[in-house]
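**Q** First the structure, which I've put down as structure tokens, then a few questions once you've had a look.
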Amino acid sequence: MPSGNKPDAPSVTVVVSAYNEARSIARSVESLLTQTLRADCIVVVNDGSSDTTAQVLSRYQNHPGIVVINLPKNVGVPAARNAGISHNRSDIVAFLDADAVAPPDWLEELMLPFSDPAVVVTGGPDRAPEDDAPFALAVDYSLRSWIASGRLRVKNPFAPFIPAGCNLAIRSTALGQCGGFDERLNRRGEEKELIQRLRRAGHRVVYCERALVWHHRRVSPAQFWRQNYLSGRARVDILRLAPDALALPHLAPAMLVLVLAFSAVCLFAVGAEPLCQAVLVLYVLLLLADGLMATFATRSWRVALWVPLTTSMIHWGYGVGTLVGAVRGLAGYPVGSGSVDSASDPR
């Protein structure tokens with residue numbers, strides 16, 4: 001693919017892994033073909049999809065600058081990304097999810113910090129498209145809300161910034177030295193553990209606020225609950241591999257779940273204890289406050305009506321998942337075991 005980039009610009013390969021993403025993979029790939037900074041190579045890994053993803057990708061089989069890899073079976077996101085990395089010959093590897101769309105200046109913004117040799121990892125924000133369903137937009141708001149998630153998906157003063165795998169770039173030399181993604185983390189969190197390894201080696205991670213991607217959110221409560229529950233379990237696996245990755249916001253949902261559950265048990269088992277009542281009422285008011293703030297932030301009451309639910313689902317799903325993961329870890333289950341399946345998690 002002729003890049004048309006500046007002669008001194010670092011070369012970059014973009015890896016996209018896809019599992020059952022026939023609806024969105026073409027939009028993702030097409031967005032990479034219209035970048036102001038052209039990728040030297042785009043590697044698309046079809047992770048053993050059972051839908052028509054392979055047929056959609058067949059149109060790119062002979063496209064210059066695009067490599068399509070069809071894995072014979074589903075191996076999960078870390079292994080699929082590692083398969084894509086094996087085809088990299090560039091200075092930098094960037095990652096985009098198959099259900100994300102990159103604006104034209106995404107790659108250019110993501111590459112800017114690499115002019116500093118000390119920078120090894122960059123990442124930016126991801127937002128839901130404005131035409132997503134109200135529930136999906138409520139999910140998007142809650143993932144960025146202090147009350148719901150402590151804003152862990154963006155730069156946060158209480159925890160080190162860790163780019164999401166849907167919007168991430170890493171120097172190839174450092175990626176090769178650290179060994180790529182840990183394939184035991186086959187549900188979620190593989191990029192978090194990898195970046196902690198890179199940080200431990202003294203490498204610098206930079207947040208690129210303008211390197212935005214449009215990323216579809218979960219469209220149903222069941223899907224969003226599952227996402228948060230698995231994220232909570234994955235957090236424990238990450239901490240088992242990288243204990244130095246622990247930050248207080250990671251434990252907050254589990255602590256909140258324990259406090260609320262204890263208050264509810266005391267309230268119904270012992271009676272209307274004032275302290276228990278106060279805790280539960282305060283929590284409900286907190287959820288309603290998040291919904292009220294969402295009204296102003298999203299300018300949509302249809303979205304805001306969902307926010308108390310999506311916020312509580314983050315607390316309870318992630319918190320319960322963390323507690324279950326902790327119990328499994330204490331029981332001696334290996335990292336990454338007991339997942340529902342090894343597939344990447346389609347929205």
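**Q** Evaluate E = 1/(1 + (r/R0)^6) for A269 and D51, where r is the Cβ-Cβ distance and R0 equals 51 Å; express this FRET efficiency to the nearest 0.05.
**A** Efficiency for this residue pair is about 0.60.
**Q** On to the next question. Kindly identify segment 112-189 as rounded, prolate or oblate by the Cα gyration tensor criterion: order the square roots of the eigenvalues as a ≥ b ≥ c, call it rounded if a/c is under 1.5, otherwise compare a/b with b/c, prolate if a/b is larger, else oblate.
**A** prolate
**Q** In deg cm²/dmol, rounded to 500, what helix-only [θ] at 222 nm does the chain give when every DSSP H run of at least 4 residues adds -39500 (n - 2.57) and the total is split over its residues?
**A** About -13500 deg cm²/dmol.
**Q** Using +1 on the beta carbon of Lys and Arg, -1 on that of Asp and Glu, and nothing else charged, what's the dipole of the chain about the Cα centre, debye to 20?
**A** 400
**Q** Report the longest stretch of the chain that contains none of the GluC sites (Glu not before Pro) sitting in a DSSP loop with at most 16 other Cβ atoms within 10 Å.
**A** 210-347
**Q** Find how much the distance from F262 to S220 grows on full extension, using 0.36 nm per residue of separation minus their present alpha carbon separation; answer in nm with one decimal.
**A** 12.3 nm
**Q** Let me ask something additional. What's the exposure ranking of T295, T53, going from fewest to most Cβ atoms within 10 Å?
**A** Arranged by neighbour count, lowest to highest, T295, T53 become T295, T53.
**Q** Right, something else. Among 38-44, 199-205, how do they line up by average Cβ neighbours within 10 Å per residue, starting with the highest?
**A** Put in order of decreasing packing, that is 38-44, 199-205.
**Q** Can you check what the Kirkwood hydrodynamic radius comes to for the chain, Cα pairs only, in Å to one decimal?
**A** Evaluated on the chain, it is 21.0 Å.
**Q** Just to check I understand the Karplus step: with θ = phi - 60° and J = 6.51 cos²θ - 1.76 cosθ + 1.60, what whole-Hz values come out for segment 130-139, glycine and proline as x?
**A** 5, 8, 5, 5, x, 5, 4, 5, 5, 4
**Q** Further question on the same structure: Which residue, H215, H63, H315, has the most motion in a Gaussian network model of the chain that connects Cα atoms within less than 10 Å?
**A** Its mean-square fluctuation being the largest, the pick is H63.
**Q** Could you give the dipole magnitude of segment 80-211 about its Cα centre, charging the beta-carbon of Lys and Arg +1 and that of Asp and Glu -1, in debye to the nearest 20?
**A** Its charge dipole is roughly 700 debye.
**Q** Short version: ³J(HN,Hα) in whole Hz for each residue of segment 321-326, in order, from phi by Karplus 6.51 cos²θ - 1.76 cosθ + 1.60 (θ = phi - 60°), x for Gly and Pro, what are they?
**A** With coefficients 6.51, -1.76 and 1.60, one gets x, 5, 5, 4, x, 5 Hz.
**Q** Report ³J(HN,Hα) in whole Hz for each residue of segment 160-165, in order, from the Karplus equation J = 6.51 cos²θ - 1.76 cosθ + 1.60 where θ = phi - 60°; Gly and Pro get x.
**A** Couplings: x, 5, 10, x, 6, x Hz.
**Q** Please arrange W146, W214 by how many other C-beta atoms lie within 10 Å of their C-beta, fewest to most.
**A** Lowest to highest Cβ neighbour count: W146, W214.
**Q** Work out the charge dipole of the chain with +1 on the Cβ of Lys and Arg and -1 on the Cβ of Asp and Glu about the Cα centre, then indicate which of L57, A94, N228 is farthest towards its positive end.
**A** N228
**Q** Quick one: Cα centre-to-centre distance for segment 66-83 and segment 133-181, in angstrom?
**A** Cα centroid of segment 66-83 versus Cα centroid of segment 133-181: 22 Å apart.
**Q** Please compute the contact order of the chain in relative form: average sequence separation of alpha-carbon pairs under 8 Å and at least six residues apart, divided by the residue count, as a percent.
**A** That works out to 20 percent.
Every read-out reported here was derived from the displayed coordinates using simple, explicitly stated rules and does not represent laboratory data. Bear in mind that the values here come from a model prediction, so they are computed numbers and not experimental data. Note that we place each Cβ from the backbone using ideal geometry, even for glycine, and neighbour counts take in every protein chain shown.
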